[in-house]
Amino acid sequence: MKITVEKSRNFVVAGHAGSGKTSLCDLMLYKSGGVERCGKVDQKNSVSDYTEDEQQKLSSIYASTMHCDWNDNHFFFVDTPGYGEFICETIAALNAVDSALIVVDAVNGVEVGTARAWKLAKNKQLPRLILVNRLDKERADFAAVLNQIQDAYGKTICVPFTMPVGKEGGLTGVVNVLKDDDIPADIADEVAAYKEQLMDTIAESDEELMMRYLDGEQLSDDEIATGLPKAIESGDLVPVFAGSVEKDIGVTELMNAVAQLLPNPLAKGEYELEDGEKMEMKADGPGVAFVYKSIVDPFIGQLTFLRVVSGTFKSDSEVFNISTGSKERFGPLYLMNGKNQESVDEIGPGALFGMPKLKHSGVNNTISAQNKVKPVVQIKFPNPVMSYAITAVKSGEEDKIGSGLNKLAESDPGIKVSRDQETHELILSGMGDQHLSQTLKKLKETAKVEVNYASPKIPYRETITMSGEGQYRHKKQSGGHGQFAEVFLRVAPNPEGFEFVNQVVGGNIPKNFIPAVEKGVVEAMAVGPLAGCTVQNMTVTVYDGKHHPVDSSEMAFKIAARTAFKNAMGSAKPILLEPIQTVKIMIPDEYMGDITGDLNHKRGRILGMDAEEGMQVVNAEVPLSEMSRYATELRSMTQGRGLFEMEFAKYEMVPANVAKEIIDAYNKAQEEE
């Protein structure tokens, strides 16, 4: 069928791992006739989880784009991973769609993945639907999970649209709260109460409707059909659906609701540009698309995923990458179902499509049929929370490793590759140990290299706590011109950073040698006297010295300044500083004691506790040295139900006992060298 923008719906399927997101996507494809047989995760034939890694883990690692027809509508949807370490896949997908379908496990209820999906969708102001899935399982409890959802996200916002008939193994179907009349007696009162609540919400979507409703008038079917989408689009209503994907109960009702209640791609009316301006969305305007995902896959090669923001695109046409200023060539336009491709000649707003072999386009790039379009606002991804120092197993493969990792980072925004200027280590950073292990596995497959990895060296700093002075005379005579320079330095703490001051009078050090003194100081600050760390936060003053008209040189003054600086630091009570991270941890309530106890053990300082989106939140400051394996530790402590974010906050003094260990280890290493 021809895809029209009015009949298009695009949405992300998100939630906690194990809630049944992938199975739901496979079932929607099957029910719509998009595939001939329903894929199963446990049988390793899921359309969505098609990679070997996903089939081995029996869970999603990557966001997978799909599409199908349903009741004269066309769905574009993205199945997203539930594990926190692959959150960048979910964030990218949420930035490519207009709505979100959040799947909740009827046994485990609201989990950290639920809270994260809700928060991300809410921040994007996306209309939302919720499916309480797996109601056929033992210990499944719709009422208990609904209470959790309502306590976390609002009793007047999250209202059931369908209710289950039967429990656990006796689940036989669902009833529509608004439309069905044949309601089982045991849930009749609840259904009536929720129907009244839905009618109240519908009436509140329009002032005129509200006045008539308050006067006792009944709302017509047309008014209900108009008011419901308005309430959902504004975020005042999030319908909750009951069902079982495994038994195909409640899924038809859910798919009908997607078609009837969620907005079409032009409903927003405008889209945001990188410079903060807004542009009108048009079906007939110039084609504008946004790259939300890019992969290099052994099955399908290099493939770029785009969302059409406005206008239309045609196959076999020239386009412009607005972000890079380069030209690209579109071949066939592919609608995707996992790894399967279906070519089309033309697509319009809201379409999610794949384009192979784009040479100059990556995530966050804006593509347009015209070169005068402004770039679309970019996706913001979280900071990495775990890093490895990477070295080559075989000598001479360092460049190959670096280029291979950089290529992988281009297609995975959660990966950062850098060279630490202080430790000279090649650093690979990501969202956790599983994420990093997955990246290294890809590196081995694509670049054919083996690597060693370890925790990176901590970038400690050194500074002083009081003023001090130091002097050094450099004198060397070995026939012909000798070397001579004498430098007197004063050091003092400076919280604002580094400052070099010249207070030499009387020409004791000629002005042309003062820059050499500063260079000597700066060189000495690169390798501090305590543990070889960078020195920071001090004012260094050169106030006296001596020179020789023949034997003095820039090199002599640099050498004298370096030793004078070390002597001055030694008299100014030097200390070690360590990087402190601001950490935000989201966990279910039952793990609060374990987490706070562990943070105290890590020398953490708890700043406060809060509740957010149904989860407990702990805010703390923790030394970076204690956080190198925290992604793994948190997963172990919470059975995979916790997540955290962190970013650099400041440097603080290292406790004396810890500093002694660091200094002793440094001195031992120096002796061995």
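Every read-out reported here was derived from the displayed coordinates using simple, explicitly stated rules and does not represent laboratory data. Fair warning: this is a prediction, and the values are worked out from it, not measured in the lab. So basically every Cβ, Gly included, is an ideal-geometry build from the backbone, and we count neighbours across all protein chains shown.
Placing a label point 7 Å from the Cα of A259 along the Cα-to-Cβ direction, the residues of the stretch 12-28 whose backbone N falls under 20 Å of that point are 12-13, 24-28.
Applying 1/(1 + (r/R0)^6) with R0 = 45 Å to the Cβ-Cβ distance of N45 and D284 gives a FRET efficiency near 0.65. Roughly what % of DSSP beta bridges within the chain run antiparallel, to the nearest 5? Around 80 percent antiparallel, to the nearest 5.
According to the Cα-based calculation, Rg over Rh for the stretch 466-572 is 0.98, with Rh computed by the Kirkwood formula. Express the C-alpha Rg of the stretch 229-357 as a ratio against the empirical globular expectation 2.2 N^0.38 Å, rounded to two decimals. Normalised Cα radius of gyration, the stretch 229-357: 1.26. Of the listed values (1) 211; (2) 290; (3) 242, identify the label whose number matches volume of the Cα convex hull per residue in Å³ calculated from this model. Given (1) 211; (2) 290; (3) 242, the structure-derived one carries the label (1).
Centroid-to-centroid, using Cα positions, the stretch 1-43 and the stretch 575-642 are 36 Å apart. Between 0 and 90 degrees, the angle of helix 514-525 with respect to the longest Cα principal axis of the chain falls at about 60 degrees. Treating the angle as unsigned and between 0 and 90°, give the value, to the nearest 10°, between the Cα long axis of helix 251-261 and the longest Cα principal axis of the chain. It works out to around 80 degrees.
Summary of packing: across the peptides 197-210, 588-601, the per-residue average of other C-beta atoms within 10 Å ranks them, highest first, as 197-210, 588-601.
In the stretch 576-657, the convex hull through the Cα atoms has an average projected area of 5.3 nm², a quarter of its surface area. Expressed as an acute angle from 0 to 90° and rounded to the nearest 10, what is the orientation of the C-alpha long axis of helix 398-411 relative to the principal long axis of the chain? The angle comes out at about 30 degrees. In this label model, E647 and K380 are separated by 0.8 nm, measuring between points 7 Å along each Cα→Cβ vector.
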